[in-house]
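Colleague: Mind looking over this structure? Questions follow.
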Amino acid sequence: MRVGERLGTCLTAGDVVALTGELGSGKTWFTKGIALGLGIGPDTIVTSPSFSLVNEYDSGYVFYHMDLFRLEDLSEVLSAGLEEYLHGGGIVVIEWADRCPEILPEIRVDVRLEIVDDHRRDITIRGRHPRAVEILEGLEEERGKRKQETGNRKQERI
């Protein structure tokens, strides 16, 4: 969830995050982290929209959380009108994005979660578009800040 939170701090209107990984790999937990990073309070319940397809949250930006798990193909995605969210100016996170890669915009960050064991995940974050690279650089900056803050706290305890 911490990586998702750091990623969330780097996102702005129009950004899309495409999540992939097997069932139970942590896509919804990662999305909860993104929500925290966007400023959505920890008391807000962020759940997977498996049946509703899209949940909407307000974080100063409109944050759309999509889940494509129950959709079979492109025609179902299109008939549900989900592609409209990708160009609506909000921040969009899509679980099971690999179920319909045809709708994914070029401007996106791809996140792959892989189960290592019951408590650990390998997380791969990629992006090719200049905006995605900017987000990844911001994520790396956030990581550096967190490491420095952790180091400072350890020094204070000595």
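Colleague: Of all residues in the stretch 13-33, count the ones that are under 14 Å from residue 90 (Cα atoms) and out of contact with any Lys or Arg (no Cβ under 9 Å at 6 or more places or on another chain).
Modeller: Selection size over the stretch 13-33: 1.
Colleague: Looking at the stretch 92-103, which of its residues are in contact with a helix residue (DSSP H, G or I) (Cβ under 8 Å, 6 or more places away or on another chain), at pLDDT 95 or above and of a type outside the set (D, E, K, R)?
Modeller: Selection gives 92, 93, 96.
Colleague: Just to verify a result, which residue in the stretch 74-107, among those that are outside any helix (DSSP H, G or I), free of Cβ contacts under 8 Å to residues at least 40 places away in the same chain and among the hydrophobic types (A, V, I, L, M, F, W, C), is nearest to residue 20 (Cα to Cα)?
Modeller: 100
Colleague: Can you tell me which of 69, 63 is modelled with pLDDT of 90 or more and part of a strand (DSSP E or B)?
Modeller: Going through 69, 63 in turn, just one is modelled with pLDDT of 90 or more and part of a strand (DSSP E or B): 63.
Colleague: Of the numbered conditions (1) assigned to a helix (DSSP H, G or I); (2) under 20 Å from residue 142 (Cα atoms); (3) more than 14 Å from the chain's Cα centre (by Cα), residue 33 satisfies every one except a single condition; which is it?
Modeller: Failing condition for residue 33: (3).
Colleague: Follow-up question, since we're still on this one. Given the condition surrounded by fewer than 17 Cβ atoms within 10 Å (Cβ to Cβ), within 20 Å of residue 100 (Cα to Cα), of a type in the set (A, V, I, L, M) and without any contact (Cβ under 8 Å) to a residue 60 or more places away in the chain, answer yes or no: does some residue in the stretch 51-59 qualify?
Modeller: Yes: the stretch 51-59 contains one or more residues that are surrounded by fewer than 17 Cβ atoms within 10 Å (Cβ to Cβ), within 20 Å of residue 100 (Cα to Cα), of a type in the set (A, V, I, L, M) and without any contact (Cβ under 8 Å) to a residue 60 or more places away in the chain.
Colleague: Let me spell it out: the conditions are (1) assigned to a loop (DSSP other than H, G, I, E, B); (2) in contact (Cβ under 8 Å) with a residue 24 or more places away in the chain; (3) out of contact with any Gly (no Cβ under 8 Å at 6 or more places or on another chain); (4) aliphatic (A, V, I, L, M), and residue 13 meets all of them except one. Which number is the exception?
Modeller: Unmet for residue 13, out of (1) assigned to a loop (DSSP other than H, G, I, E, B); (2) in contact (Cβ under 8 Å) with a residue 24 or more places away in the chain; (3) out of contact with any Gly (no Cβ under 8 Å at 6 or more places or on another chain); (4) aliphatic (A, V, I, L, M): (3).
Colleague: Another question, then. Kindly evaluate residue 110 against the criterion of being surrounded by 14 or more Cβ atoms within 10 Å (Cβ to Cβ), in contact with a Ser or Thr (Cβ under 8 Å, 6 or more places away or on another chain) and in a helix (DSSP H, G or I).
Modeller: no
Colleague: Next question, about the same structure. Please give the number of the condition residue 41 fails out of (1) out of contact with any Phe, Trp or Tyr (no Cβ under 7 Å at 6 or more places or on another chain); (2) part of a strand (DSSP E or B); (3) not acidic (Asp, Glu).
Modeller: Looking at each condition in turn, residue 41 falls short on (2).
Colleague: So residue 2 clears everything in (1) surrounded by fewer than 19 Cβ atoms within 10 Å (Cβ to Cβ); (2) under 17 Å from residue 60 (Cβ atoms) except one condition, right? Which one?
Modeller: (2)
Colleague: What's the total number of residues in the stretch 16-48 that are touching a residue at least 60 places away in the same chain (Cβ under 8 Å) and either β-branched (Val, Ile, Thr) or touching a helix residue (DSSP H, G or I) at 6+ places or on another chain (Cβ under 7 Å) (or both)?
Modeller: 9
The values are calculated or read from the model by the stated rules, or taken from the named source; none is laboratory data. Just so it is clear, the model here is predicted, and its values are computed rather than measured. A quick note on method: Cβ atoms are made from the backbone with ideal geometry, for glycine too, and the neighbour counts reach across all protein chains shown.
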